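Everything below concerns the one structure shown next.
The values are calculated or read from the model by the stated rules, or taken from the named source; none is laboratory data. What you are looking at is a predicted structure, and each value in this text was computed from that prediction instead of being measured. Neighbour counts are summed over all protein chains in view; Cβ atoms, including those assigned to glycine, are modelled from backbone coordinates with ideal geometry.
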Amino acid sequence: MSATNPSRGTTSNLRLSMSLVPGPLTQPVLAGDVVPKGTEVAVTRGKSVDGNSRQMLNLAFDVAEMSLATYLKAREQGTPLIGLPIFTGRRFLQPCVLVATRAGIDTPADLAGKRVGLPQFWMTSSLWHRGILRQQHGVAQEAVNWVTITEERFAGLGTPPNVTLRPVAADGGGPPDAALQEMLLAGALDATMTPRPGDQLAARDSRVRQPYADPVQTQREYYQKTGVFPIMHFVVMKQELDAQHPWLAESLCAAFVAAKERAIAAGAGPEPPIAGTSAEETAAVFGEDSWPYGLQRNRRTLETFVEFATTQGLLKQPIPVDELFAPSTRGLFE
């Protein structure tokens, strides 16, 4: 599958608005080096996935990156969006856990009964963190005292039964990860679970550490055991566009594949799934394509996340993963 650059501004091209967060897999589209065939795209540089997700709840763009968790809940509530199997943001979460040295937490299993900070309770990384904590370490979300510092994207979701959740206002208005780290250092939290790794803080401040003795090996073993490479955000489009222009979803997918290939060829592709591993080590674990697109190649990851979202209370019942994606894209990339 490949994309071409059709001439711009012709009356035959479909005009679209698009918002992408700058990154290796989106930059060729943001720069205009790759344009979906048959379209003329006005591309906005999104400031964050959080911002994009909030805007797409109001259908602010025709096509955009969006949080997986927010999309699932939006679909359940009837928001007319449909997904494309283009997974532009993913990360293993084990390196993103920090614990206070004084808290007596030797392993993640010791988080039961502790105060653990999250940016938002219902954001994608938080669901992954809680799901992995239960799945791999036997700690249910009801056993932890959760603290959040950022307003949720959906109003009125409430707290699941028997879950202790305390929203607090962060000081200073800085990035959520940094605010949580300050609370951890100050003794207001025993641990944090965020979307980004905390190894740099752990390396320079002895008051905190990572709970995994060997994070690289832990990530490798998790993938080999589960087949899951967690998805954080991906590309969605308005459902009415898919209905009106059946060719469009496949054209968009082809463009993002071309963007990925272009970035890799230029040496500007995504980082290895597990930081600190060589290209040979990455290929040995993940195969030649360590950042796969397509529903079938990501089915286990998607089904795992839907199960996490359902058991944790975000979804009332599971959504079949095929229904999350535009029909014309479900067989792509097999």
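Computed values, structure above
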read-out	value
Tabulated pairs, the stretch 34-47, first farther than 24 Å from Ile264 by Cα and touching a residue at least 40 places away in the same chain (Cβ under 8 Å), second among the polar types (S, T, N, Q) and surrounded by fewer than 17 Cβ atoms within 10 Å (Cβ to Cβ), C-beta under 9 angstrom, 6+ apart or interchain	Gly38/Ser12
Residues of the stretch 154-203 classified as assigned to a helix (DSSP H, G or I) and under 22 Å from Ser67 (Cα atoms), total	5
Candidate set: the stretch 22-50, residues that are part of a strand (DSSP E or B) and among the hydroxyl-bearing types (Ser, Thr, Tyr); chosen: the one nearest to Pro246 (Cα to Cα)	Thr39
Test: residue in the stretch 64-72 that is in a helix (DSSP H, G or I), surrounded by fewer than 21 Cβ atoms within 10 Å (Cβ to Cβ) and not assigned by TED's automatic domain parsing to the domain that holds Thr218	no
Wholly within the stretch 220-299, helices (runs of 4 or more DSSP H) carrying at least 2 residues that are more than 19 Å from Leu20 (Cβ to Cβ), small (Gly, Ala, Ser) and out of contact with any Gly (no Cβ under 9 Å at 6 or more places or on another chain)	279-286
The stretch 20-33 - residue that is touching a residue at least 40 places away in the same chain (Cβ under 8 Å) and not aliphatic (A, V, I, L, M) and, of those, farthest from Thr150 (Cα to Cα)	Asp33
Test result for Leu248, among the hydrophobic types (A, V, I, L, M, F, W, C) and over 16 Å from Tyr222 (Cα atoms)	yes
Residues (part of a loop (DSSP other than H, G, I, E, B), in contact with a strand residue (DSSP E or B) (Cβ under 9 Å, 6 or more places away or on another chain) and closer than 30 Å to Tyr293 by Cβ) located in the stretch 81-121	Arg91, Leu93, Pro119, Gln120, Phe121
Scope the stretch 161-170; condition surrounded by fewer than 18 Cβ atoms within 10 Å (Cβ to Cβ) and out of contact with any Phe, Trp or Tyr (no Cβ under 9 Å at 6 or more places or on another chain); matching residues	Pro161, Asn162, Val168, Ala169
Residues located in the stretch 190-213, provided they are crowded, with 21+ Cβ neighbours inside 10 Å and either under 16 Å from Ser125 (Cβ atoms) or not assigned by TED's automatic domain parsing to the domain that holds Glu151 (or both)	Ala191, Thr192, Met193, Thr194, Pro195, Gly198
Any hit, the stretch 282-293, residues being touching a strand residue (DSSP E or B) at 6+ places or on another chain (Cβ under 7 Å) and either at pLDDT 95 or above or in the same structural domain as Leu72 (by TED's automatic domain parsing) (or both)	yes
Of all residues making up the stretch 259-274, the number that are more than 26 Å from Leu93 (Cβ to Cβ) and either outside the structural domain of Ala31 (by TED's automatic domain parsing) or among the basic types (Lys, Arg) (or both)	1
Residue tally, condition surrounded by fewer than 24 Cβ atoms within 10 Å (Cβ to Cβ) and in contact with a Ser or Thr (Cβ under 7 Å, 6 or more places away or on another chain), over the stretch 73-87	0
Members of the stretch 214-267 that are of a type in the set (Gly, Ala, Ser), touching a residue at least 40 places away in the same chain (Cβ under 8 Å) and surrounded by fewer than 23 Cβ atoms within 10 Å (Cβ to Cβ)	Gly227, Ser251, Ala254, Ala258, Ala263
Unique residue being part of a helix (DSSP H, G or I) and either modelled with pLDDT of 95 or more or surrounded by 24 or more Cβ atoms within 10 Å (Cβ to Cβ) (or both) when the list is Ser53, Ser19	Ser53
Complete set of residues in the stretch 187-219 that are of a type outside the set (Gly, Ala, Ser), more than 20 Å from Gly89 (Cβ to Cβ) and in contact with a Ser or Thr (Cβ under 8 Å, 6 or more places away or on another chain)	Arg207, Val208, Arg209, Pro211, Tyr212, Val216
